[in-house]
1. Compute the length gained on full extension between Tyr108 and Val409: take 0.36 nm times their separation in residues and subtract their Cα-Cα distance, giving the result in nm to one decimal.
2. From the backbone phi of segment 78-88, what are the Karplus-calculated ³J(HN,Hα) couplings (6.51 cos²θ - 1.76 cosθ + 1.60, θ = phi - 60°) in whole Hz, Gly and Pro given as x?
3. How far is it, in nm, from the label point at Glu334 to the one at His253 when both lie 7 Å from their Cα along the line to the Cβ?
4. Just need the relative contact order of segment 295-433 here, percent rounded to a whole number, with Cα pairs under 8 Å and 6+ apart.
5. Starting with the fewest neighbours, write out Phe112, Phe198, Phe53 ranked by other beta-carbon atoms found within 10 Å of each beta-carbon.
6. What percent does the relative contact order of segment 191-301 come to when contacts are Cα pairs within less than 8 Å and at least six residues apart?
7. To the nearest 0.05, how large is the calculated FRET efficiency for Thr97 and Ile16 if R₀ is 25 Å and r is the Cβ-Cβ distance?
8. What ³J(HN,Hα) values, in whole Hz, does the Karplus curve 6.51 cos²θ - 1.76 cosθ + 1.60 give for segment 312-318 when θ = phi - 60°, with x put for Gly and Pro?
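What follows is calculated from the coordinates using simple rules that are stated; it is not laboratory data. If you're wondering where the values come from, they're calculated on a predicted model, not measured in any experiment. Note: ideal-geometry Cβ built from the backbone for every residue, glycine included; neighbour counts use all protein chains shown.
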Amino acid sequence: MFFLSHKFTKKTPKAINLAKDIHQTNIKKFSTCLLVVPDSLLSSTNDDFISVFLQSLNELANNKKVTISVCIYGHLTTSLLKPILISHNRHIAGLATMTSLDDARYCYLVDFWSNKHGVITQHEYILTKTKDKTLKATSYETHQSHVMPEDKSDSDRIYVSRRAFRESVKAPKGMRVAESNQGLIAMLDNPRSSTIVFSCDNQSEVQQIALDCYRLRSAYGRQLKIIVRETQQCLRYADEKFLLRSGANFISHAQIPPMRFMTQVEAIQGQMLTRPIPDSLEALLKYDLKFGSKGYLQNQDFSQYCIDVISHSTHSNVNFALIKLNLLPGMTAEECLRLCHIRRDGDVVTACNKALYVLFSAIRHSDIDIALNNIFEFPVRDLFHSTHTFDTQLDIETELKFIVQDEAVISDDVSALATERKIFHTATNSITDVPPLFAVKKTIELKERS
């Protein structure tokens, strides 16, 4: 067994040191050794060190006649580490990945697996939880056996909500136009491979659109092409993930002009949805994330909230990130918090004596810098000394211990400033709205000469 001492939790553990420690343990011959490690253990090292780590474990397994199973957890496992591990297949006997489909189902993909009888490759299974809390494996081919045969009889039909186009834009001829999303559903005539375009201009519509997408997809199969057209900027990253999970093929954002949107509609023709959808409406609604917190939280509440978000992310596959904003010399946490205004549900901030911590509960990692600048009145590079992003489960859990220990006292009036009601701003602050903490332009009055 390998233990990471609390005295060294600030240091990044090294995979090679782990392998050396295992070599020193007394493992009986013909036994099985199970290693459970976070993705950060291998993602923080280069390709050569991973090769040495795997080779060391391979030598140990051969010398002591033992089976070593390495279980790696974390969101970087499939995206970053899996391709690297496949390239080092000479050191490992098998590779399989397990990802969550919903609360009761998992996808288990065997990339390759070898034993004395031979090798199998590219076998996929659906693991389903049973009442006695075991997992039942079903071959993916068997699971998909009920799929409807291909039908192109209505592939040229396009049903669209009138609100999917701006008032000044007319829908192209040949499209079947309804005045609303509900009118659109009533217009459908047993569609099989038609294109259906829903409109969305308010976040309150997301759940109903998702339910409609799910019902249509469940009833008419994977050849149906479902598009959600955002007509005003209102969709969060979590909303987009929820709509895609419900069976929508893709989402067209408000910034895309009508001509480009029509190109997208043409591009999707002939496609079939292969993404799995939940087994029931109840299972789908668990992905409609309602975080319940926004703005400033005290450190202990912030820590517990982070743990809850990590737990939800395991099943929803929605990315999150914890950002540490180190304070400039002479600045206090309360002064910086005055300039922070969080708008999105699920985004929270807390204060330590030398840093602010922001948790984005649902965010693409490529959007972190943009999101940070959106919640502060001034650019982050001007307000803080430096920033550091924690995006793996182990790193976040380790940092939470220090957040709780280093709590800064924040007054009620300042903590209230950290929450903003509107998600999207329609106008920017004028120069007269800038707080007096920073210099503003003033006209210099000159005295007249006598």
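1. Numbers: separation 301, 0.36 × 301 = 108.36 nm, distance 4.74 nm.
Stretched fully, the Tyr108-Val409 segment lengthens by 103.6 nm.
2. Working through the residues one at a time gives 7, 6, 9, 7, 4, x, 5, 5, 4, 5, 9 Hz.
3. Each label point lies 7 Å from its Cα, and together they span 3.9 nm.
4. Details: 209 pairs, mean separation 51.9, N = 139.
Dividing the mean separation by the residue count of segment 295-433 yields 37 percent.
5. On the way: Phe112 16, Phe198 28, Phe53 23.
By the 10 Å Cβ count, ascending, the order reads Phe112, Phe53, Phe198.
6. Details: 137 pairs, mean separation 31.5, N = 111.
Relative contact order of segment 191-301: 28 percent.
7. Working: r = 24 Å, r/R0 = 0.95.
Calculated value: 0.55.
8. Running phi through 6.51 cos²θ - 1.76 cosθ + 1.60 with θ = phi - 60° gives 5, 5, 4, 9, 7, 6, 9 Hz.
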